[in-house]
Amino acid sequence: MDRHRHLRTRPLPRRPRRDVLALGTGPHPPRRLRPPGTRVPRSTHRRHGPPTPRREHPLHHYDRTSGEPVPAGGATLLPDHAVRTAEYIIMLAAEARGRGLGTQATRLTLDYAFHITNLRMVWLKVLAPNKAGIRAYEKAGFRTAGNLREAGYWLNKTCDEVIMDATAEEFEGPSVVESLLTGK
């Protein structure tokens, strides 16, 4: 048995006590394990309550450089409404790459996320060898938050995934999307 100054670990008895069983069943520790007067955040109850449907926000991007709008790709926000965050996923057509359209599409999507849907934070994952993608995301307002080591594949070799995030507080400039919708 491991014994430490403040913790003791031992196998569960055949008939565990009720308070031991309660440790794994609720979204937060039982009342007697929390300091008196400690409140549980409302988002904790929402996240551990019945699941809410996760509605996507699909966005379609068109290249208008030739005058006629040509489909260039699409983006999706996968929101977690309980905490007002979303995962960002983008796919660009091969002919749309390398011309700055990814940066513009990402910037417009962040504008929509922060000014229209009122999200606090948007995050994404990108493979570490995708230097062009990382540069485009940084230009649009994302910052590197961390790495998931050996979580992806690039050209049949394992590689890290970079986690990036953008917050509404750090998003600069007036909203282009909001002005288009309100007509101001």
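The values are calculated or read from the model by the stated rules, or taken from the named source; none is laboratory data. These figures come from a predicted structure and were not determined experimentally. Neighbour counts are summed over all protein chains in view; Cβ atoms, including those assigned to glycine, are modelled from backbone coordinates with ideal geometry. Each accessible area value is taken on the protein alone, full model and side chains, heavy atoms only, with ligands, DNA and RNA left out. Shrake-Rupley method; radii C 1.70, N 1.55, O 1.52, S 1.80 Å.
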Failed condition for P58, given (1) assigned to a strand (DSSP E or B); (2) at pLDDT 90 or above; (3) open to solvent by 30 Å² or more (accessible area, probe 1.4 Å): (2)
Residue under evaluation F171, criteria (1) farther than 18 Å from H57 by Cα; (2) in a strand (DSSP E or B); (3) open to solvent by less than 80 Å² (accessible area, probe 1.4 Å), criterion not met: (2)
Could you grab the pairs with beta carbons closer than 6 Å, sequence gap of 6+ or different chains, first residue in region 140-157 and farther than 27 Å from G100 by Cβ, second one open to solvent by less than 70 Å² (accessible area, probe 1.4 Å) and of a type outside the set (V, I, T)? L148/E161; R149/D160; A151/E161
What about G133, is it assigned to a helix (DSSP H, G or I) and either within 22 Å of E178 (Cβ to Cβ) or of a type outside the set (S, T, Y) (or both)? yes
Confirm whether T76 is assigned to a strand (DSSP E or B), among the polar types (S, T, N, Q) and open to solvent by less than 80 Å² (accessible area, probe 1.4 Å). yes
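Residues that are surrounded by fewer than 17 Cβ atoms within 10 Å (Cβ to Cβ) and within 21 Å of G73 (Cα to Cα): does region 138-153 have at least one? It would help to see each step written out before you state the result.
Of all residues in region 138-153, those surrounded by fewer than 17 Cβ atoms within 10 Å (Cβ to Cβ) come to 138-139, 143-151, 153.
Add one more test, that the residue is within 21 Å of G73 (Cα to Cα), and what stays is 138-139.
Within region 138-153, one or more residues are surrounded by fewer than 17 Cβ atoms within 10 Å (Cβ to Cβ) and within 21 Å of G73 (Cα to Cα).
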Residues of region 103-128 classified as open to solvent by less than 50 Å² (accessible area, probe 1.4 Å) and farther than 16 Å from T76 by Cα, total: 2
